[in-house]
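Below is one structure, written out as structure tokens; comments come after it.
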Amino acid sequence: MAYSKLLIEASNQRARVALVQEPYVGGEGRVKGRNGIRVFQPADQGSGTVKAAVIVFDADLHIKQYPKLTTNNITVVGIQICDWEIALISFYFEPDLPMDSYLAHLRRVQRETGARSMIIGGDCNAKCVWWGSPVTDRRGEEMYGTLEDLGLCLLNQGETPTFDTIRGGVRYSSYVDITAVSLDLLSLVNGWRVCEDLTSSDHNGISFSIKSKHINKNNIKQTTRRFFTKKANWDQFNGKLGQIFIEHNFTIAKIKNIKTAIELDEVVMDLNKYITEACLDSIPPIKRKEVLAMPWWTEELAALKLSTVEQKINLRLKNSAEEYLRYKKSLHTAFNRPFTTTFFELPSDKRSM
């Protein structure tokens with residue numbers, strides 16, 4: 001995409017941030033800065049061609065840089081709003097290079113930034129039915145598995161391809177550009193869409209907005225601990241867990257015989273269920289004096305979220321994304337129901353990100 005057109009479209013859409021891939025870099029191999037905007041990319045001038053960058057158009061946004069986590073193919077910054085940080089990751093995965101190092105880097109980003117909220121967007125050069133491709137290749141399986149590991153929710157929807165061009169009178173199209181967010185941001189996303197008129201490149205643009213308001217973090221209990229392990233009866237725990245393993249024929253041989261990612265998912269879910277059952281039998285639960293200050297989170301939402309996860313695993317056996325997406329849409333709709341809580345807002349609440 002021509003740099004000048006990017007600036008024009010950003011102005012027209014009142015964009016605050018752009019995650020860009022394969023930007024125009026000229027002979028220097030880097031994106032040039034312009035007055036009034038900030039470009040985040042690798043700091044090393046001689047490190048090769050920049051393939052991913054983050055461009056910030058809003059001078060009021062406070063940006064935290066992560067130079068040690070930023071490479072030519074993955075750029076990482078943090079948007080800080082009071083005590084809340086959103087990690088933004090723009091990425092471009094080379095189609096002829098293995099995914100392993102890229103995916104390991106995404107895990108490192110989550111680990112070292114410590115950010116609970118994440119937005120990632122970029123070109124993964126991978127095909128998967130979960131983001132619209134008619135087929136799933138090995139790269140797509142690896143990418144999708146990593147998104148699950150990181151707890152990220154795909155935003156891709158609809159049937160418009162993200163790559164669409166005509167060469168020699170033949171049309172070539174595919175779905176290789178993805179956007180994903182952490183679960184806490186899912187209910188704040190509006191208007192995700194593929195924009196066919198946004199860029200002049202072979203790739204279509206993607207536009208969406210994030211509501212610039214959020215639950216007051218000071219009222220949210222930041223822990224998932226359920227059991228008071230200091231008072232655990234470990235002999236009873238070991239005995240109960242062993243009994244459960246025998247009852248369900250859960251053995252080391254079963255684990256060693258895992259051959260597919262689907263089988264691994266099923267074993268992990270079973271193991272988690274068995275450990276929880278043993279904990280309930282031998283470890284007292286943590287008694288919370290305070291009420292969790294998330295009044296919008298209901299038993300209905302919790303059950304719907306669990307059902308969605310289970311359906312995702314079950315439907316992968318059928319290679320059917322359509323039915324899972326219906327479950328996902330129902331969860332998203334439920335998240336967006338009106339609720340009463342404490343918010344803070346930025347003045348530019350309706351701008352696009």
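The values are calculated or read from the model by the stated rules, or taken from the named source; none is laboratory data. All of these numbers come straight from a predicted model, not from anything done at the bench. Neighbour counts are summed over all protein chains in view; Cβ atoms, including those assigned to glycine, are modelled from backbone coordinates with ideal geometry.
Brief remarks follow.
- In the range 151-162, of all residues being surrounded by fewer than 18 Cβ atoms within 10 Å (Cβ to Cβ) and at negative phi, the one that is nearest to the chain's Cα centre (by Cα) corresponds to 157.
- A Cβ distance below 9 Å, combined with a sequence gap of six or more or placement on separate chains, defines the contacts here; from the range 217-240, residues that are under 12 Å from residue 281 (Cα atoms) reach residues that are at pLDDT below 85 in the pairs 227/286.
- Boolean, residue 63 is surrounded by fewer than 20 Cβ atoms within 10 Å (Cβ to Cβ), modelled with pLDDT of 75 or more, among the aliphatic types (A, V, I, L, M) and under 27 Å from residue 117 (Cα atoms): yes
- Tally, over the range 89-130, of residues that are touching a Ser or Thr at 6+ places or on another chain (Cβ under 7 Å), among the hydrophobic types (A, V, I, L, M, F, W, C) and assigned to a loop (DSSP other than H, G, I, E, B): 1
- Flag for residue 44 being at pLDDT below 80 and over 20 Å from residue 194 (Cα atoms): yes
- All strands (runs of 3 or more DSSP E) inside the range 135-184 with 3 or more residues being touching a Phe, Trp or Tyr at 6+ places or on another chain (Cβ under 8 Å): 163-167, 170-174, 177-182
- Residue list for the range 35-62, filter: part of a loop (DSSP other than H, G, I, E, B), in contact with a strand residue (DSSP E or B) (Cβ under 9 Å, 6 or more places away or on another chain) and without any contact (Cβ under 8 Å) to a residue 40 or more places away in the chain: 37, 41, 42, 43, 50, 59
- Residues in the range 126-142 include at least one that is among the aliphatic types (A, V, I, L, M), under 21 Å from residue 94 (Cα atoms) and within 19 Å of the chain's Cα centre (by Cα).
- Tally, over the range 5-33, of residues that are exposed (fewer than 14 other Cβ atoms within 10 Å of the Cβ) and either at pLDDT 75 or above or not assigned by TED's automatic domain parsing to the domain that holds residue 203 (or both): 3
To keep it simple, each residue is scored yes or no on (1) assigned by TED's automatic domain parsing to the domain that holds residue 185; (2) at pLDDT below 90; (3) more than 23 Å from residue 204 (Cα to Cα); (4) buried (at least 18 other Cβ atoms within 10 Å of the Cβ).
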{"residue": "100", "(1), (2), (3), (4)": "yes, no, yes, no"}
{"residue": "109", "(1), (2), (3), (4)": "yes, no, yes, yes"}
{"residue": "113", "(1), (2), (3), (4)": "yes, yes, yes, yes"}
{"residue": "121", "(1), (2), (3), (4)": "yes, no, no, yes"}
